[in-house]
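See structure below.
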Amino acid sequence: MRILHTPHIQLLKTHHNLMLSFFGMLISRLGDGIYSVAIIAIAFELTHSSSGTGIVLASFAAANVIFGSLAGVFSDRFQRQKLMIGSSCGCGVILIGMGLLLYYDLLNIINFAILSFILGACSQFFEPTLHALLPQFVKKEDLTTANATIGMTESIGYLVGPALGGILLAYTSVEFVLILNACTFLFAMFMALFLKIPKREKLGNNSSSFIREVMKGFSFVFQDRFLLRLFIINSISILAYSPFFVLLPAYLDHEIGLDVSQRLELTGYIYSALALGQFVGFGLLPYLKITPRSSIGLSYLIQAIGFGSLAFAHHQGVVIGFVFIAGISFGISGAAFNTVLQSGTPSTLMGRVYGVNYTVQGMLNTLGRSSSGFLAESLGSRVLLMIMGGLFLTSSFLSRRYPKEPSLEEHNISG
């Protein structure tokens, strides 16, 4: 079979650490996909309002703000294998605690938001650590394929996980879904235990203060003109996307007219449509033959069309179709963003620069999610979707207004 001879499969077969990381991430991503539906369902059932859902989602995102850059410093300074093990173990324990609280009817919006914050904090230490380790797992010429292989776990996980989560929530219990997600993190921890990290892993300078080390990441981003512009444009798109899953339950309830069971199931399909679109975006990218700047502008235009058009949708199939269109853009923009970031960042700063990215994302997601619930209730879901489309159009326009940056235009994002 040809699929068994793709560069991704060949790399997994010949690199022990990459294979363990891939399967650990894959199962964990499946759990993330399941949980992404569960967290919305739990928050909405506890409060029956978009505001309550926004508070819980914002608390999870707030952990990105506080721990994003700090996790990057830890990734550059300390034993990365231990960080991955500790992160996965912590997430599993927290999810088991959530399940027990829910089972004994002790879960409320306050402790759910607190636990979501702690869960977000623990999860921050895994991904920047893995990104920092990849150059040690494979040769330099295989790094692009390795990044693409690990990136595929997100597409697969969110393609299958949310739909599975919607079905599980409809036919089993929320407690079961939480415990199942905990098991996926424990599996990732088990895989990390068997990683064979080189004996002399290059760590950062431990004599500097954490604040100074964090600022090194921010300083690097601010000193690179193109990278700084990329962060600014990306920030607008993050702010535009942040309200979507906050307003989704109310949108499906009030605008599409679905009952609880239908709403849960369609939410899962919507997540999967986004993941499938992302997967298609990754597949189309090599055939587009465009530069990172052009691909980013195109991706934001697609997002504007996909999410903005939801304001005029009235049927479930149409909703899934527009979400799929929007999802294509995530594959295109994600590859471009990571290519610029990794190709222009020294390995000793990789964790910190990714930490900057997570911190910025966390700040904007916290702002967008905490305010979007109130905006959706006052303006209506359809108006807010039109505003989202307008912000994506703004990002697309700005990405095409920047002057050419020759050193970065030479990058080929198709690898």
- Under Karplus coefficients 6.51, -1.76 and 1.60, residue-wise ³J(HN,Hα) of region 69-86 in Hz, glycine/proline x: 5, 4, 5, x, 5, 4, 5, 7, 10, 10, 5, 6, 4, 5, 5, 5, 5, x
- Task: State the number of lysine pairs found in the chain whose Cα atoms come within less than 28 Å, restricting to pairs 8 or more positions apart or on distinct chains.
- Result: 27
- Which residues in region 32-48 have a backbone N closer than 19 Å to a point placed 7 Å from the Cα of residue 261 along the Cα-to-Cβ line? 38, 41-42, 45
- Query: At 37 °C and 0.692 mPa s, what whole-number value in µm²/s does Stokes-Einstein give for the translational diffusion of the chain, with Rh from the Kirkwood sum over Cα pairs?
  - Reply: 152 µm²/s
- Message: What distance in nm separates the two pseudo spin-label positions at residue 176 and residue 397, each 7 Å out from Cα along the beta-carbon direction?
- Response: 5.0 nm
- Relative frequency of Cα-Cα separations exceeding 19 Å in region 17-93, percent: 53 percent
- Note on the structure: One finds, for residue 105 and residue 347 with R0 = 30 angstrom and r their Cβ-Cβ distance, a FRET efficiency to the nearest 0.05 of 0.05
- Message: Could you give the length gained by full extension between residue 284 and residue 114, i.e. 0.36 nm per residue of separation minus their alpha carbon distance, to one decimal place?
- Response: 57.2 nm
- Message: Quick check for me: using +1 on Lys/Arg Cβ and -1 on Asp/Glu Cβ, what's the dipole size of the chain about its Cα centre, in debye to the nearest 20?
- Response: 1460 debye
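Any read-out appearing in this document is the output of simple, stated calculations on the displayed coordinates, not a laboratory observation. These numbers were taken from a predicted model, which means no experiment stands behind them. Please note: Cβ atoms are built from the backbone with ideal geometry, for glycine as well, and neighbour counts cover all protein chains shown.
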